[in-house]
Amino acid sequence: MYKYFLSWRYMRARRTNLIGVVGIGVGVGALIMILSIMTGFLEETKKSLRGGLSDIILETDQRMFRDGRRVPHSPAPLLEAVRADPRVAGACAQLSWFGMLTQGGSRSAYATEQLADPQKGNLSGVRLFGIDVQDEYQTTELRAALARTPLLGDERVADLDDPFAPPEGYVPDGRPLASCLVGEQLASEWRLRRGSEIWITTALIDAKSGEVHPSDRRFVVAGTFRSGENEMDLQRIYLARAELSDFLGTGREYSQVLVRLKDYERDGTDVQLDFQSTLTQQGLVPRPEFVRTWEDYRRPLLGAIENERVLMAIMLSLVVVVAAFTVFAILSMMVTEKRRDIGILSALGATGPGITGLFVLIGFWDTLLGATGGAILGVLGAVYIDPFERGLSHTIGVEIFNRKVYLFDHIPAIVNPVWVGVIVLGAFVIALLFALVPAWKAGRLHPLDALRYE
Amino acid sequence: MPKVRPVATDSLIAARGIVKSFQIADRTLEVLHGVDLDVKRGELVALMGASGAGKSTLIQVMGLLDRPTSGKVLLDGSDAWELPLAERAALRNRAIGFVFQFYHLLPELNAVENVLLPAMIGNSWSGYKQRAKEFKDRARGMLVKFGLEQRLDHRPAQLSGGERQRVAIARALFLDPKMIIADEPTGNLDSATGERVLELLLTEQHERGVSLLLVTHDERLAAHCQRIVRMEDGRVV
Ligand SMILES: Nc1ncnc2c1ncn2[C@@H]1O[C@H](COP(=O)(O)OP(=O)(O)O)[C@@H](O)[C@H]1O
Ligand SMILES: [Mg+2]
């Protein structure tokens, strides 16, 4: 029983133990806090990667079925089949094609000239997306992207419920142009404003002859959007689906259907598997591999994000190792300092293993207090990082976290209780391993050598 | 082969043929050259001899603190140095009480806690908890009896030498051992204080009927003892 009593007494009597407690506390706290904030950022990044997509993507590429059939021209049967599934929250059809944004006022001849000499620049490859606004709103993050405060200028649409409405003050000279929505980076690069006119050039390949037929059309910019994902904001132009279909003139009405699920985490793979069999059987999707989840699409980037988090955790774990090392140093000091006490205890009947236990317990208290305190502070720090940062920024007059740069107006932090547990447990294991060395030495001290220490 | 002296039936502890040598660099220094010593139950034995004669070394071997190079320490008939570590530790805890010249109290504990230490070491958590009150009352009672009523909560650093040694004596007696081993318990005290401490020790020894092996230089004191053993150069003479 003396082990508990004495270890606790030594803990309290020796101020040096505070260093160990604080060391472990800071290590554990920082690890939890930084990991939580990192996770928050990574999750936000993940969300932005998913932004333009939805949960499940059904591609109905022009490619033929193996038996030569084709998917229906209209998306209606596929949308109907998808929406019939009770796990589906929304679905929308998209028609996508590539295009080039050529300088305002130019014609396809100009574009050809530009293509002939890439050094001249002023040409942007873009992805054209034909969408049905209300369906899209129910399925993707487009509404949020349109509503989000832009980083560069402010050319948001006037009416979110009708984003393709002609921009206010737009006076067409001749036939009114159809509206388009442009990613904010693309818009900024081309100095486009609401009401600016753009030329979009595209080319279609004749399936029979293999000839390339360029075609172009003018559009008016109704507004910009900010998805937060570079690729989208730099390359994407939204048009009304019917408008794009008309522009392309191939009779194709859609190229993919996006599906949002009620609970992707729970149903994602099930729905994917179900769709792979049913939709191909019904002749609505050419091949099973055209039924993909958004994660299938973003696999490499998501992998990189996960890697980053693991690396981060490994590096920060070193902080805990350093903290555990202070426990080692403090205990070693204490064993030397307490040589006489160790001798007295053996004379009074303590065994070597008992003395080892005594010092391990001191390490245990250090870790218990440090890890618990650190975990509490770390969790609090992660949860209240946002008001804390605001207060600090306000006090020192420097903006630490520039909210405009990110997609979110607060510092995101996700506290995962499992990790907190793993970190605390890890700190325990490491600190106790380190404590074991000096404690074991203490247990092997010869009682008389210790007593002679006068 | 020297003949081993038989162990008397009323002997509590018997050292037989104790040889102790120390290894210093590449030299071996033999400090005890085959010592025999018996202490009977309740007996008061004074161990005397010049400084360096090997008194401390002998009682450390007999007190199970230091393993002899050869020889036996028979306690209740069995060779204590042949016992497993834990049993020998238990004997140190319950059968033997030590009083050292330099008190050897734990500086972080107050007087009562220092006295309680043998009980803390000898009992498990639950075992101690059950009897905690009894232990504490007993420790306080002993200290009060030893004239330390005002010193119960004091740390060793706040106590005088004489007071510290009284606490050490209370600690040695706390678990009612069969034997007390005291190595020059007054060696660090002025003569007046030393005398009072010794008086206390002898009174307790008498009242409790515990054996006392007392290392001392004081011839006057030794005269009170039932038996005086003298040592010279690692031999009993
Ligand atoms: N650990 C040790 N290492 C070497 N020599 C020792 C050790 N302990 C005691 N001695 C030697 O043994 C002899 C006896 O010492 P000790 O038993 O302390 O004598 P006493 O207590 O009678 O004064 C001394 O010469 C001392 O130097
Ligand atoms: Mg001595």
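Just so it is clear, none of the values below were taken in a lab; they were calculated from the coordinates. Model, not experiment: these values are computed from the prediction. Here the Cβ positions follow ideal geometry from the backbone for every residue, glycine too, while neighbour counts run over all protein chains shown.
Across region B:207-228, the qualifying residues are those that are part of a strand (DSSP E or B) and crowded, with 21+ Cβ neighbours inside 10 Å, and the one among them that is farthest from ligand 1 (Cβ to nearest atom) is B:S211. Selection of region B:22-31 for residues being within 16 Å of ligand 2 (Cβ to nearest atom), free of Cβ contacts under 8 Å to residues at least 24 places away in the same chain and either of a type in the set (A, V, I, L, M) or out of contact with any Leu (no Cβ under 8 Å at 6 or more places or on another chain) (or both) yields only B:L29.
Given the structure, is B:G54 within 16 Å of ligand 2 (Cβ to nearest atom), closer than 23 Å to B:V236 by Cβ and either touching a residue at least 12 places away in the same chain (Cβ under 8 Å) or hydrophobic (A, V, I, L, M, F, W, C) (or both)? Yes; evaluated as a whole, the condition is true for this residue. The set of residues in region B:63-74 that are over 19 Å from A:A350 (Cβ atoms) and either of a type outside the set (S, T, Y) or within 16 Å of ligand 2 (Cβ to nearest atom) (or both) comprises B:P68, B:G71, B:K72, B:V73, B:L74. Scanning region A:248-274 for residues that are in a helix (DSSP H, G or I) and in contact (Cβ under 8 Å) with a residue 60 or more places away in the chain turns up A:L248, A:Y264, A:D267, A:G268, A:D270, A:V271, A:Q272, A:D274. Restricting B:D76, B:D66 to residues that are of a type in the set (D, E) and either away from ligand 1 (no atom under 16 Å from the Cβ) or without any contact (Cβ under 8 Å) to a residue 12 or more places away in the chain (or both) narrows the list to B:D76. The residues of region B:1-31 that are away from chain A (no Cβ under 14 Å), within 15 Å of ligand 1 (Cβ to nearest atom), of a type outside the set (V, I, T) and assigned to a strand (DSSP E or B), listed by number, are B:A15, B:S21, B:R27, B:L29, B:E30. For A:T372, the conditions (1) without any contact (Cβ under 8 Å) to a residue 24 or more places away in the chain; (2) part of a helix (DSSP H, G or I) are fulfilled apart from (1). Just a yes or no: is a residue in region B:32-47 within 14 Å of chain A (Cβ to nearest Cβ) and either within 14 Å of ligand 2 (Cβ to nearest atom) or over 13 Å from the mean Cα position of the chain (by Cα) (or both)? No, because not a single residue in region B:32-47 is within 14 Å of chain A (Cβ to nearest Cβ) and either within 14 Å of ligand 2 (Cβ to nearest atom) or over 13 Å from the mean Cα position of the chain (by Cα) (or both). Which of the helices (runs of 4 or more DSSP H) contained wholly in region B:80-161 include at least 1 residues that are β-branched (V, I, T) and more than 11 Å from every other protein chain (Cβ to nearest Cβ)? Here the list reads B:111-122, B:125-145.
Of the residues making up region A:424-454, those that are within 14 Å of chain B (Cβ to nearest Cβ) and more than 16 Å from ligand 1 (Cβ to nearest atom) are A:G443, A:R444.
Which one of B:I13, B:I24, B:I18, B:I59 is among the β-branched types (V, I, T) and surrounded by fewer than 21 Cβ atoms within 10 Å (Cβ to Cβ)? The conditions single out B:I24.
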